[in-house]
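**Q** If you scroll down you'll find the structure; I have some questions about it.
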Amino acid sequence: MLETHFILATAGHVDHGKSALVKALTGTDTDRLPEEKARKITIELGFAQLILPGPKGQEFHVGIVDVPGHEDFVRNMIAGVGSVDLALLVVAADDGWMPQTEEHMQILTYLGVKRFVIALTKSDFGKINPPRRITAQIRDQLRGTASAESLIIPTSVRSGEGIEHLKRALALEFATMPPPRDFGKPRLFIDRAFTLGGIGTVVTGTLTGGELRRGQSVVTQPQNLSARIRSIQSHGHDLDFAGPGRRTALNLPDVSIGTRSNAIKRGDVISVADLGGSSTTLNVLLEKSPRLKRKDSAARPLKNETSVYVHHGTTRVSARIVFLGESALGCGERAIGQLRLRSPLFAFLGDRFVIRDPSEQYTIAGGIVLDPDGDRENFRSSAQVQLLAARAAAPDDVDVCLQSELARCGFAQSTKVLLRSNFSADEIAAALSRLQGRGVRVLRGEIAADAEKWRDLRRRASALIDQRHEKHPEQRGLELADLRAALRDQPDNVFEALISDLCENGFARVGPAIARASHRATLPPQIQPAAEKIRTLLAAKPFDPPARKEIVQDRQQQQALRFLIEQGEVIEVGRDTIVSHESFARMREAVIAFISKNESATVSQLRQELETSRRVIVPLLEQLDRGGVTRRIGDQRTLAGQL
Ligand SMILES: Nc1nc2c(ncn2[C@@H]2O[C@H](COP(=O)(O)OP(=O)(O)OP(=O)(O)O)[C@@H](O)[C@H]2O)c(=O)[nH]1
Ligand SMILES: [Mg+2]
């Protein structure tokens with residue numbers, strides 16, 4: 001049977017019957033704490049499982065998160081609804097749309113929840129307040145929203161009315177929804193962390209974005225702490241792996257619970273190592289709900305430099321808001337800004353968040369992360385402003401996000417670009433190939449580059465090579481090490497991609513240098529006499545020429561010698577020993593002939609045979625050893641091929 005996993009969260013005003021409804025649907029009492037029992041309200045998140053048959057024989061395994069409705073616990077409510085597929089918004093028939101019904105609705109909207117089913121609870125109170133009137137009030141509240149057409153189902157846990165209808169309605173809703181996205185980037189936002197005797201640390205949360213496996217190494221963010229998953233459970237069942245949309249418990253025996261940097265706690269995120277780290281500056285698109293009523297305190301314009309709480313995943317951190325342009329954000333408005341966080345968050349491009357005031361009384365805004373690696377100093381640089389403007393208009397468009405990233409940074413490793421985003425590696429790769437030739441270039445399959453920035457880099461490189469040819473026509477080209485230093489040390493793979501790109505476009509590698517393919521090194525006339533002098537000196541005593549420093553004494557001679565070496569006419573035998581190519585070949589033959597005849601020979605025998613000096617023969621033999629011609633055994637040389 002096809003099992004699909006979804007997460008549903010309740011929402012709605014205090015005392016409207018959320019927990020009672022979850023109990024009627026699942027049999028689970030989600031209010032477990034003594035304080036919850038005593039006060040008859042929900043304080044902490046509660047969890048239950050509902051298995052629903054689908055219309056086509058499928059089975060929906062629904063993890064339910066039951067949230068508190070009381071205004072003092074909105075913080076817990078937000079932590080429960082960070083990664084939900086569907087909201088079950090509860091409105092009591094005897095009370096109607098109330099302040100936390102509204103606040104929860106705004107929070108869910110800020111967090112991007114698009115699917116709602118509305119339960120009109122306590123329908124047994126219908127005589128006091130006819131359901132039709134409340135239904136009309138609810139429709140009124142939903143008008144113009146994504147949830148305007150949501151089903152409104154009267155229910156009563158007293159009479160049992162509507163419970164089966166609600167189950168069918170939920171199943172039909174799930175049947176039209178795609179399963180939670182698996183984009184290969186798992187994150188489990190921890191909502192509970194505790195220690196079990198004999199088992200050790202256990203954390204629970206809603207898993208999103210990818211899979212986690214038993215035995216897998218994971219990393220806890222933001223403290224970047226490694227751990228290994230010993231076991232996984234979901235709703236009390238052991239699993240080999242868990243996927244997105246599942247309530248998930250992980251046993252992490254290697255780490256302890258606490259607030260120190262080597263411990264984990266509620267609010268932290270379990271993820272995998274290759275997704276980068278956390279950051280303390282987020283560039284974001286902020287919005288303030290158009291639903292806020294002008295007289296509400298929450299409706300006051302959000303001013304630049306305000307201190308707020310940012311709620312992301314199951315955590316919240318203090319932050320200062322800095323707008324890019326505006327001085328304040330009013331209801332129904334959007335603005336690009338930067339969240340300067342007091343402590344780091346593990347956020348992705350595309351993540352949503354909620355903003356509350358510092359006294360934690362009001363939900364005042366929400367938004368979406370446009371760039372998880374904000375830069376405080378360069379926030380208003382033109383490259384940054386362009387990136388933010390493009391993404392603010394289309395934060396879910398992978399092409400836009402990719403193009404803007406490359407336009408800002410120039411080049412990046414194609415497997416690392418947009419790593420901390422809600423796009424999968426496949427989506428990014430597909431976007432890269434779509435954008436090839438449209439402002440983006442992919443080089444050697446591994447470097448993604450902004451086409452214009454790449455052209456610039458190539459232009460700079462070819463200008464440097466041409467300059468070298470012009471200034472030093474006697475040289476074979478520009479040494480790669482010099483080119484790299486002049487281009488301010490690009491990373492290895494960018495530099496290699498640049499060299500191969502140049503080599504496909506009119507340049508060629510010549511040993512450790514690069515040159516125009518058409519370049520032929522020539523000695524300028526004023527240096528030719530110096531070259532002649534070197535030739536003459538080397539030819540006078542071909543096997544025992546003078547030391548290099550005696551041959552080369554001025555700049556012109558240095559230039560001439562470099563030319564002769566690069567052309568292969570002169571061989572550098574040792575640091576202070578040069579011989580002509582012809583002499584080198586003859587000495588090599590003589591060494592081979594002598595050893596062939598005698599099986600082996602000492603340095604001194606070979607020196608006498610060649611009538612040369614130790615200064616020449618020692619480095620010559622070392623070079624022949626390195627070249628695989630001879631082999632040194634003790635103080636004897638044999639031919640390398642003999643053994
Ligand atoms: N008559 C009647 N009472 C109900 C119904 N559903 C819930 N109640 C009562 O309403 C009260 C509140 O119910 P809860 O389920 O705790 O409400 P809640 O929305 O979970 O409250 P918080 O979690 O604190 O926000 C309880 O006394 C329930 O017995 C119903 O369908 N009919
Ligand atoms: Mg409750």
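The values are calculated or read from the model by the stated rules, or taken from the named source; none is laboratory data. Keep in mind it's a predicted model, so treat the numbers as computed, not measured. When we count neighbours, we look across all protein chains shown, and the Cβ atoms used for this are built from the backbone with ideal geometry, even at glycine. The protein model used for the area step is the full one, side chains on, heavy atoms only, and it has no ligands, DNA or RNA in it. Shrake-Rupley method; radii C 1.70, N 1.55, O 1.52, S 1.80 Å.
**Q** Given Cβ point charges of +1 (Lys, Arg) and -1 (Asp, Glu) and nothing else, what value in debye, to the nearest 20, does the dipole of region 1-132 about its Cα centre take?
**A** About 320 debye.
**Q** Right, next: Heavy atoms of the protein only, probe of 1.4 Å, neighbouring chains included. What is the accessible area of Arg376 in Å², nearest 10?
**A** Answer for Arg376: close to 90 Å² accessible.
**Q** Moving on to the next point. Let me know the charge dipole size of the chain about its Cα centre in debye, to the nearest 20, where only the beta-carbon of Lys, Arg (+1) and Asp, Glu (-1) is charged.
**A** Dipole magnitude for the chain comes out near 540 debye.
**Q** Per residue, what accessible area does the chain have, given a 1.4 Å probe and all protein chains present, in Å²?
**A** 46
**Q** A follow-up question, please. For Ser381, Ser433, give the ranking by accessible area with the largest first, probe 1.4 Å.
**A** Correct descending sequence by accessible area is Ser433, Ser381.
**Q** Then there's this: Quick query: amide H of Ser414 versus all other amide H atoms, modeled in the peptide plane; which residues come in under 5 Å with a sequence gap of 5 or more or a different chain?
**A** Ile447, Ala448
**Q** Shifting gears a bit: Among Pro372, Phe353, Gly337, whose Cα sits farthest toward the positive end of the charge dipole of region 335-375 (+1 at Cβ of Lys/Arg, -1 at Cβ of Asp/Glu, about the Cα centre)?
**A** Phe353
**Q** At 1.4 Å probe size, with no ligands or nucleic acids counted, give the accessible surface of His469 in Å², nearest ten.
**A** 30
**Q** Next up: What is the set of long-range amide H partners of Leu349 at a cut-off below 5 Å, with H atoms built 1.01 Å from backbone N?
**A** Answer set, sorted by chain and number: Ser421, Asn422.
**Q** Can you work out the FRET efficiency for the pair Arg509 and Asp426, with r the C-beta to C-beta distance and R0 = 45 Å, to the nearest 0.05?
**A** The computed FRET efficiency comes out at 0.85.
**Q** Students often get this wrong: which residues of region 160-178 have the backbone nitrogen under 16 Å from the point 7 angstrom along Cα-to-C-beta of Arg139?
**A** Within reach of a label on Arg139, which here means backbone N under 16 Å from a point 7 Å along Cα→Cβ, region 160-178 contributes nothing.
**Q** Still on this structure, I have one more. Let's test the formula: R0 of 51 Å, r as the Cβ-Cβ distance of Ala394 and His472. What FRET efficiency results, to the nearest 0.05?
**A** Approximately 0.50, to the nearest 0.05.
**Q** Same structure again: Pairs of alpha-carbon atoms within less than 8 angstrom and 6+ residues apart define the contacts here; what relative contact order does the chain have, in percent?
**A** For the chain, the relative contact order is 7 percent.
**Q** I want to make sure I understand the PRE zone here: with the label point 7 angstrom from the Cα of Ser382 toward its beta carbon, which residues in region 426-466 have backbone N atoms less than 15 Å away?
**A** 453
**Q** Here's another thing I want to ask about it. Go through region 408-414 residue by residue and turn each phi into a ³J(HN,Hα) via Karplus (6.51, -1.76, 1.60, θ = phi - 60°); whole Hz please, and just put x for glycine and proline.
**A** Going residue by residue, I get 7, 9, x, 9, 8, 5, 5 Hz, with x marking Gly and Pro.
**Q** Moving to a separate point now. In whole Å, what is the distance between the alpha-carbon centres of region 3-47 and region 323-339?
**A** Between the Cα centres of region 3-47 and region 323-339 lies a distance of 36 Å.
**Q** Also: What spacing in nm lies between the two simple spin-label points modelled at Gln567 and Lys597, each 7 Å away from Cα in the Cβ direction?
**A** 3.5
**Q** At what distance in angstrom do the alpha carbon centres of region 161-230 and region 579-593 lie from each other?
**A** 74
**Q** Ok, one more. Any idea what angle helix 451-471 forms with the longest principal axis of the chain, computed on alpha-carbon atoms, 0 to 90 degrees, nearest 10?
**A** 10
**Q** Also, I was wondering about something else. Relative contact order of region 58-180: what whole-number percent is it, with Cα pairs under 8 angstrom and at least 6 residues apart?
**A** 23
**Q** Would you tell me the accessible area of Glu44, worked out with a 1.4 angstrom probe on the heavy atoms of the protein chains, in Å² to the nearest 10?
**A** 60
**Q** Let me ask something else about it. Out of the GluC sites (Glu not before Pro) in region 477-565, which ones are loop residues according to DSSP with at most 13 other C-beta atoms within 10 Å?
**A** Glu504
**Q** Right, something else. What does the charge dipole of region 118-240 about its Cα centre add up to, to the nearest 20 debye, if the Cβ of each Lys and Arg holds +1 and the Cβ of each Asp and Glu holds -1?
**A** Here the size comes out at about 220 debye.
**Q** Note the angle between two axes, namely the Cα long axis of helix 581-598 and the longest principal axis of the Cα atoms of the chain, as a number of degrees from 0 to 90, rounded to the nearest 10.
**A** Result, in degrees: 80.
**Q** To test your reading of the geometry: what angle, between 0 and 90 degrees and rounded to tens, separates the Cα axis of helix 131-142 from the longest principal axis of the chain?
**A** It works out to around 30 degrees.
**Q** How big is the convex hull of the Cα atoms of region 439-560, per residue, in Å³?
**A** 130
**Q** Provide the per-residue ³J(HN,Hα) series for region 271-280, in order, calculated from phi with Karplus coefficients 6.51, -1.76, 1.60 and θ = phi - 60°, each as a whole number of Hz, with x at glycine and proline positions.
**A** Along region 271-280, the couplings run 9, 10, 5, 8, 10, x, x, 9, 9, 10 Hz.
**Q** Sticking with this one: Using the Karplus equation 6.51 cos²θ - 1.76 cosθ + 1.60 (θ = phi - 60°), what ³J(HN,Hα) coupling, rounded to whole Hz, does each residue of region 629-635 give in order, writing x for Gly and Pro?
**A** Listing the rounded values in order: 8, 10, 9, 9, 10, x, 9 Hz.
**Q** Leaving ligands, DNA and RNA out of it, rank Ile571, Ile578 by accessible area with a 1.4 Å probe, largest first.
**A** Descending order: Ile571, Ile578.
**Q** While we're on this one: Distance cut-off 30 Å, Cα to Cα: go down the list Lys23/Lys114; Lys56/Lys114; Lys122/Lys303; Lys37/Lys288; Lys18/Lys293; Lys185/Lys265 and report the pairs above it.
**A** Lys122/Lys303; Lys37/Lys288
**Q** Now, a different point. Can you give the helix-only mean residue ellipticity at 222 nm for the chain, where every DSSP H stretch with n ≥ 4 adds -39500 (n - 2.57) and the sum goes over all residues, rounded to the nearest 500 deg cm²/dmol?
**A** The helix-only estimate for the chain comes to -9500 deg cm²/dmol at 222 nm.
**Q** Heavy atoms only, probe 1.4 angstrom, no DNA, RNA or ligands counted: give me Met77, Met177 ranked by accessible area, highest first.
**A** Output order, biggest surface exposure first: Met177, Met77.
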